[in-house]
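Taking it in order: structure first as structure tokens, then the write-up.
Just so it is clear, none of the values below were taken in a lab; they were calculated from the coordinates. Just so you know, these numbers come straight off a predicted model, no measurement behind them.
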Amino acid sequence: MGWQTDDGKHEGWDAAEFPDGRFAVGSENGGAMVRSIGPGLDADAGRGVLDGRTAIGWRGLCTCGWRGHLWRKVTGDISNGPPQEVLDKMAARGMRELTAHEAYDPDPSVYGDAPAGLEDEIWREWHGHLPPQSLADVREAALAVAGAQLQLDEAVRRARGDSCSWADIGDAAGITRQSAHERWGKR
């Protein structure tokens, strides 16, 4: 499962991580499709298919290069481990988180799927690395201003082509004749 920002600049997913440092990027042929992911590596680096049950844990990854914390996989019987009240709290959250960044996986998947509830935790980490919405709003407004500026420049060019004076153009733009001439006179 993956997530993407509205502007398409960030695409993230929860990926099984394997002992050799490769990550799951999908599933095929009865296993986890893996590849090496990192700066300077081509898209085919480390491609292969592994048994997802051999994964050491899961982490969030993003196309921007961000990597979340490794959630180490804990398997086996933990019935004699944490006290029942702790197990009850874990069950209420929909997962069996043991300690910070450990996740109990009672039934490891051949595809390397994260246990129930962990994907939500990884999504929260991934979402936390994204720039705030206010920066996207600034970017969108700046693009709108740039577009409006191009429209205004073109309208002034047409007005000059229709023999309108700098005083008329300045008045229409809400500035003085001199400011209009300084702004558009040399274009």
* How much length is gained if the chain between Ala141 and Ile175 is pulled fully straight, taking 0.36 nm per residue apart and subtracting their Cα-Cα distance, in nm to one decimal? -> 10.0 nm
* Asked: Under the definition of Cα pairs under 8 Å and six or more residues apart, what whole-number percent is the relative contact order of the range 133-184?
  -> 23 percent
* Along the range 10-27, what does the Karplus equation 6.51 cos²θ - 1.76 cosθ + 1.60 (θ = phi - 60°) give for ³J(HN,Hα), rounded to whole Hz, x for Gly and Pro? -> 10, 10, x, 7, 8, 10, 5, 10, 10, x, 8, x, 7, 10, 6, 10, x, 9
